[in-house]
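Please treat every number below as a calculation from the coordinates, not as lab data. Just so it is clear, the structure is predicted and the values come from calculations on it, not from any experiment. Cβ: placed from backbone, ideal geometry, glycine included. Neighbour counts: every protein chain shown.
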Amino acid sequence: MRCMYCNCTESKVIDSRSADDEKTIRRRRECIQCGRRFTTYESIEMSPILVVKADGTRQAFDGGKIKRGIIKASEKRPIPIEKIDALVEDVTKQVYNSMEQEISAKKIGEMVMDGLKQLDEVAYVRYASVYRSFTDISSFMAELQHMMDVSKKEK
């Protein structure tokens with residue numbers, strides 16, 4: 001770290017503590033050459049992850065889009081916002097932990113649907129109906145029948 005006063009590259013850390021957001025570390029440093037003190041902030045550099053859409057286009061991953069989709073699917077359902085936030089955080093962690101630079105929108109959608117299935121079946125069906133683009137009532141009924149079969153096996 002270069003001293004902002006004398007450009008010396010030698011400094012010692014006097015104090016370290018978490019910043020307000022708990023994702024950044026604030027460090028007080030003292031320059032070895034001139035003795036002046038200055039503050040630096042250290043945070044994790046997040047490499048951007050691109051989402052590959054069905055049409056082949058790419059856009060930056062945005063957890064906010066996931067949250068908006070889940071909220072839309074769970075309108076008028078008794079799902080607390082804390083659980084929605086937890087699901088969004090879980091999907092975001094899965095995306096970043098995949099260690100891939102690019103991830104398909106389909107894979108993200110499957111992660112969301114897996115979480116919604118555990119959270120609320122009605123919200124799951126709503127999300128799946130948009131995500132999987134049910135074209136007619138028979139494809140919609142097939143998904144419902146599959147859910148009922150899985151539910152019977154679990155009991």
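Some values worked out for this structure:
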{"item": "Equivalent ellipsoid, the stretch 97-148 (semi-axes from 5 times Cα gyration tensor eigenvalues, Å)", "result": "23, 13, 8"}
{"item": "Protection-proxy order for peptides 122-128, 75-81, each taking the mean of Cβ atoms within 10 Å per residue, highest first", "result": "122-128, 75-81"}
{"item": "Distance from the stretch 58-76 to the stretch 138-155 (C-alpha centre basis), Å", "result": "25"}
{"item": "Under 21 Å from the Cα of Lys153 - lysines, other chains or at least 8 residues apart", "result": "Lys117"}
{"item": "Overall Cα dimensions of the chain - principal axes, largest extent first, Å", "result": "77, 35, 27"}
{"item": "Linear extension gain, Lys106 paired with Glu10, 0.36 nm per residue minus alpha-carbon span", "result": "29.6 nm"}
